[in-house]
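Data first, discussion second: the structure below is written as structure tokens.
The values are calculated or read from the model by the stated rules, or taken from the named source; none is laboratory data. In this text, all values refer to a predicted model and were calculated from it rather than measured experimentally. Ideal geometry is used to build each Cβ from the backbone, glycine not excepted, and the neighbour counts take in all protein chains shown. Keep in mind that these areas ignore ligands, DNA and RNA; they rest on the heavy atoms of the full protein, side chains included. Shrake-Rupley method; radii C 1.70, N 1.55, O 1.52, S 1.80 Å.
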Amino acid sequence: MRLRAHTWFLSHDLLEGRGTGRRGADVAALYVATEAERIGLRGAGPAGSPYQPVPLVEAEIDRTNTSITLRVPDRDRSSAIVFPFFYPRGFIPNVGTARTLTGFSGDLVYVGSARDILVHPDRLPDLTGKVAVMRGVFGPEAAAADTLRAGGTTGVVQLLGDPELYGLYVRSRGPSRMYIAEEAQAVSSFIPDIPAVIASPQLEQRLLEGTDVAAEADRPRVLPGRRIDVGIAVRARAVAARNVAAIMPGSDSTQRDAFVVYTAHYDHLGVSTPDERGDSIYNGFSDNASGTAMLLGIAEAMVTGRRPPRPVLFLWFTGEEHGLLGSDYFAAHPLLPAAEIVGAINLDAGAPPAPVVSWHIAGGDRSSLGQLAVDVARRAGWAAEVRPASPNSDYFPLLRIGVPAVFLVPSPGPYEGLTTEASDVLRRRWDHYHQASDHWAASFPFAGLLRYADYAYRIGWALETGARPRLFPSK
């Protein structure tokens, strides 16, 4: 079974977690390009190459010169107590660019969550020269960063409220940050344009100690007597990365300018924080060797079976884990006009360990492609519902350039023929999201991946033979 073989190779230790800009990622890209050639696809990059070069910059965090000084009032508020915190135990810089991977300082102002900022900007106190303390990260509400910057905020301290989640961010972000090189004339548009750090549980405790923020987390206000000075130092270097792109021509020459697109990212976290067993290779079997393999499987099924009428573009993106960099670059420099893309289907939701019978169609609120995906699921006897778009995977940059795009996500409900309890047991056994333990195992039940690929294949055929999806007006 090719899914088994593809994922075994792509998540092998020899590829060292397919870190963007690393040799393991280059090997993975070569493997995907070679398999696409074997299947019978042709390169869609410049001059018929299977690659689209993506110029990036890697900013390695300088541990020695990256630290925080927090000043809080003592009990009688007569003087300040100073607490030092160091990277990465005390805090980490969030994703950033050359503009935002910088230090900042100021008195502290609590602003609530990103949603609070967007819904009630009128409640924010004066932000000029202040550092904003917010609940959570920006996520889908990245526009909140623009609100804070426009108000004069110098930077943001983000509170997670969960030690395990902080550990996940430390592992996921790793020792460096990446962004698209300025000379590429493409914006890293999903990286908030404001300096931001994520606080450790220890920093969060000290920062909030003696305040009433926990009790009234929805009320923005100044945090009297509290100030933070953040120092961030990085060493930047150019990094060569690449998207892999391949085309399968359609059988109907009158449809040659109407492409169906499949996307998945092939990168992962590379070598990062060792786990309790000392394993530092983040193999990324489920995220996203599985999606990469499914695209190869779908391509082979289409080439060896009934050829679809419309051409198909298969895209394997780089740099997703660093902020959708490969897909963002493609959106700025598409290999074909966006108007020629009928619709796009993105696979990046892990490896379900049993057949899924219920789906979420992320981004299905932006076009009629969402309802098409729901209809395809129902005809197969499965359930599906449309969910709002979010900048959490590579379909989102395509939406930004006017392409109907959806992200197929298995719902957390029971798997086919299993109880909720049995399904949860399987998830706990096999779900190792962004952990070093997300590796290939011969005993993994691949029936779930077959179902996932089959659903994507069916939606692709519905796009091949139906009317072009309609984009909905922006809300």
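Structure above, values below:
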quantity	calculated
Qualifying position, being touching a helix residue (DSSP H, G or I) at 6+ places or on another chain (Cβ under 9 Å), without any contact (Cβ under 8 Å) to a residue 60 or more places away in the chain and at negative phi, among Ser49, Ser11	Ser49
Set Gly460, Gly370, Gly413: member being modelled with pLDDT under 95, open to solvent by less than 40 Å² (accessible area, probe 1.4 Å) and more than 30 Å from Leu14 (Cβ to Cβ)	Gly413
Some residue of segment 411-420 being farther than 24 Å from Ser327 by Cβ, charged (D, E, K, R) and part of a loop (DSSP other than H, G, I, E, B)	yes
Among (1) of a type outside the set (Ser, Thr, Tyr); (2) in a helix (DSSP H, G or I); (3) over 30 Å from His268 (Cα atoms); (4) open to solvent by 60 Å² or more (accessible area, probe 1.4 Å), the one test that Ala214 misses	(2)
Test: residue in segment 307-315 that is part of a strand (DSSP E or B) and under 30 Å from Gly96 (Cα atoms)	yes
Among (1) part of a strand (DSSP E or B); (2) in contact with a helix residue (DSSP H, G or I) (Cβ under 7 Å, 6 or more places away or on another chain); (3) open to solvent by 10 Å² or more (accessible area, probe 1.4 Å), the one test that Thr263 misses	(3)
Single residue of Leu108, Leu70, Leu56 found to be buried (at least 16 other Cβ atoms within 10 Å of the Cβ), modelled with pLDDT of 95 or more and over 21 Å from Pro192 (Cα atoms)	Leu70
Cβ pairs under 9 Å, 6+ apart, first in segment 165-179 and free of Cβ contacts under 8 Å to residues at least 60 places away in the same chain and farther than 14 Å from Tyr282 by Cβ, second assigned to a helix (DSSP H, G or I) and of a type outside the set (Asp, Glu)	Tyr166/Pro201
Selection within segment 288-299 - under 18 Å from Ala349 (Cβ atoms) and open to solvent by less than 10 Å² (accessible area, probe 1.4 Å)	Asn288, Ala289, Ser290, Gly291, Thr292, Ala293, Met294, Leu295, Leu296, Ile298
Selected residue (criterion: nearest to the chain's Cα centre (by Cα)) from residues of segment 217-249 that are open to solvent by 30 Å² or more (accessible area, probe 1.4 Å) and closer than 29 Å to Phe317 by Cα	Arg242
Residues being among the hydrophobic types (A, V, I, L, M, F, W, C), assigned to a strand (DSSP E or B) and out of contact with any Leu (no Cβ under 9 Å at 6 or more places or on another chain) - total across segment 330-383	1
Residues satisfying the stated conditions in segment 427-450, i.e. open to solvent by less than 40 Å² (accessible area, probe 1.4 Å) and under 22 Å from Ala380 (Cβ atoms)	Phe446, Gly448, Leu449
Residue tally, condition assigned to a loop (DSSP other than H, G, I, E, B) and of a type in the set (Phe, Trp, Tyr), over segment 78-107	1
Among the candidates Tyr169, Tyr110, residue that is in contact with a helix residue (DSSP H, G or I) (Cβ under 9 Å, 6 or more places away or on another chain) and either farther than 24 Å from Gln435 by Cβ or in a helix (DSSP H, G or I) (or both)	Tyr110
Among residues of segment 271-284, those that are at pLDDT 95 or above and either open to solvent by 10 Å² or more (accessible area, probe 1.4 Å) or in a strand (DSSP E or B) (or both), counted	2
Selection from segment 1-29 of residues that are in a loop (DSSP other than H, G, I, E, B) and under 21 Å from the mean Cα position of the chain (by Cα)	Ser11, Thr20, Gly21, Arg22
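For (1) of a type outside the set (Gly, Ala, Ser); (2) over 24 Å from Gly323 (Cα atoms); (3) open to solvent by 30 Å² or more (accessible area, probe 1.4 Å); (4) touching a His at 6+ places or on another chain (Cβ under 9 Å), each residue gets a yes or a no:
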residue	(1), (2), (3), (4)
Gly96	no, no, no, no
Gly103	no, no, yes, no
Gly112	no, no, no, yes
Leu118	yes, no, yes, no
Pro125	yes, yes, yes, no
Gly136	no, no, no, no
Pro140	yes, no, yes, no
Thr154	yes, no, yes, no
